[in-house]
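Below is one structure, written out as structure tokens; the observations come after it.
The values are calculated or read from the model by the stated rules, or taken from the named source; none is laboratory data. Just so you know, these numbers come straight off a predicted model, no measurement behind them. Using ideal geometry, Cβ is built from the backbone for each residue, glycine included, and neighbour counts are taken over all protein chains shown.
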């Protein structure tokens, strides 16, 4: 898609939000919506919505708006949710278990094929029908399933060697809860960092600003 080759990340990061809102509209039986109506629901301007969607070719008709299901499917295709990426999860402690149990991976383009931990207390338990395996088995699972992505829910100090190992096995994307700066050491690898503490402090800032 020629138009989508140089899209800013700010636009890309809004796409999942469009996808969520369109899903709700579709589930509520809304067939068509204008950019103005969508903007009122999402808290964006109609101009912003049109500009964002035009980056990918544009999907609406002037005076008619967007066909909700069609736009939902197109954005899903752009996000890649229709192609399941083989993915493993490292670390089945409290954080890893919560992520594994509560994330609907298949609806977000992810196929979870393995969960790993190095604690004898945890190994052998099952999450989402998958047995938690020892980290010694990572190579076998990655090779067998052609794993492309990894979810890191392991301590920061354990991440450096693990990332090196996974990259050597062909993993090219990380959903990173570990606070280890993967991009600093591997600038060509795709990384989405999740810092819950940063998010909470941002909320704290907003609360304090509002109070002042």
Per-region count, the range 132-167, residues surrounded by 12 or more Cβ atoms within 10 Å (Cβ to Cβ) and either in contact with a strand residue (DSSP E or B) (Cβ under 8 Å, 6 or more places away or on another chain) or at positive phi (or both):
21
For the structure I just gave you, tell me whether residue 123 is over 17 Å from the mean Cα position of the chain (by Cα), at pLDDT 95 or above and surrounded by 14 or more Cβ atoms within 10 Å (Cβ to Cβ).
yes
Tell me whether the range 46-64 contains one or more residues that are farther than 23 Å from residue 173 by Cα, in contact (Cβ under 8 Å) with a residue 40 or more places away in the chain and in contact with a strand residue (DSSP E or B) (Cβ under 9 Å, 6 or more places away or on another chain).
no
Tell me whether the range 89-111 contains one or more residues that are under 30 Å from residue 37 (Cα atoms), outside any helix (DSSP H, G or I) and in contact (Cβ under 8 Å) with a residue 12 or more places away in the chain.
yes
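Yes or no, residue by residue, for (1) within 13 Å of residue 89 (Cα to Cα); (2) within 18 Å of the chain's Cα centre (by Cα); (3) assigned to a strand (DSSP E or B):
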| site | (1), (2), (3) |
| --- | --- |
| 131 | yes, no, yes |
| 137 | yes, no, no |
| 144 | no, no, no |
| 157 | no, no, no |
| 161 | no, no, no |
| 171 | yes, yes, no |
| 175 | yes, yes, yes |
| 178 | yes, yes, no |
| 183 | no, yes, no |
Looking only at the range 27-71, count every residue that is assigned to a strand (DSSP E or B), modelled with pLDDT under 90 and surrounded by 13 or more Cβ atoms within 10 Å (Cβ to Cβ) and tell me the total.
1
